[in-house]
Amino acid sequence: MSVPKFNPRGVVLALFIFLAAALRLATNFNPDFGPLALFTPLGAMSLFGGAYFKGNIKPYAFPLLTLLISDLILSFTIYAPYRTGFLYTGWYWVYAAFALMTVAGKYLIKEVNAKTVLAGVIASVLIHWLVSDIGGCLANEQPSFGVYLQRLAAALPYELRFFAGTSIYSVLMFGLFEWMQRRYPVLQNA
């Protein structure tokens, strides 16, 4: 029987994602960071997990699990008045969007550079914009394509902040990890 080999790369990647989720919690719980609450690292977290984790489970498991844990904490604390059922109305559509963002990271960012990360960011924002509001639309008394289009239009200011957050956190996360891989070869993909 062989003993599993310690993988510092996997630990550091998971730590990046957990820190992004912790930052999301900090900006929601601290009133001094109120304006940053909608400037989230969540899109970058999904892209990062998709781009760096190998296999078919880890790229999805780490970003979605940390999203779930942070959603549960927020749902049962400061957003408790808005909780409906398990989390919030249409939460499964939001999670589907983040799973698709991870797919974008996995297939668009095969080599980390400005062009591929930007393509991943744009794809992630479009996925988030088009998929996450489906649940809210279907919860409407009379769901229709018109209601969906109204929700998409109303979501534009939020999506612009989501784009900014995803862009900046992607630059930070990808840039820092690429620098760390050059500095510490043990973090490079084997």
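Tell me, what HN-Hα J-couplings in whole Hz come from the Karplus equation 6.51 cos²θ - 1.76 cosθ + 1.60 at θ = phi - 60° for each residue of region 60-72, using x for Gly and Pro?
Result, ordered by residue: 8, 4, 5, x, 6, 5, 5, 4, 4, 4, 5, 4, 4 Hz.
Tell me the Rg and the Dmax, in Å, that the Cα atoms of region 8-187 produce.
Using the Cα atoms of region 8-187, the pair Rg, Dmax is 16.4, 56 Å.
Whole number please: convex hull volume per residue, Cα atoms of region 5-78, in Å³.
For region 5-78, the hull spanned by Cα atoms encloses 88 Å³ per residue.
Peptides 117-128, 65-76, 143-154, 83-94: what's the order by average Cβ count within 10 Å, highest mean first?
117-128, 65-76, 83-94, 143-154
Report, in degrees rounded to the nearest 10, the 0 to 90 angle that the Cα long axis of helix 114-131 makes with the longest principal axis of the chain.
Taking the Cα atoms of the chain, the angle to 114-131 is about 30 degrees.
Enter the angle in degrees (range 0 to 90, nearest 10) between the Cα long axis of helix 42-52 and the first principal axis of the Cα atoms of the chain, meaning the one along which they spread out most.
Around 30 degrees separate the two axes.
Between 0 and 90 degrees, rounded to the nearest ten: what's the tilt of helix 91-108 against the longest Cα principal axis of the chain?
Helix 91-108 sits at roughly 40 degrees to that axis.
Which Rg and Dmax, in Å, describe the Cα atoms of region 74-161?
Spelled out, the Cα radius of gyration and Dmax of region 74-161 are 15.0, 45 Å.
Taking a ≥ b ≥ c as the square roots of the eigenvalues of the Cα gyration tensor of region 30-119, is the shape rounded (a/c under 1.5), prolate (a/b larger than b/c) or oblate?
prolate
Counting every Cα pair in region 129-181, what percent are over 15 Å apart?
Beyond 15 Å sits 58 percent of the P(r) for region 129-181.
How far, in nm, would the chain grow between TYR82 and LEU152 when pulled straight, counting 0.36 nm per residue and subtracting the alpha carbon separation?
That pair, TYR82 and LEU152, stretches by 23.1 nm at full extension.
Every number here is computed from the coordinates shown, using simple stated rules; none is lab data. Every value quoted in this text rests on a predicted model; they were computed, and no experiment measured them. Reconstructed Cβ throughout: ideal geometry from the backbone, glycine too, with neighbour counts over all protein chains shown.
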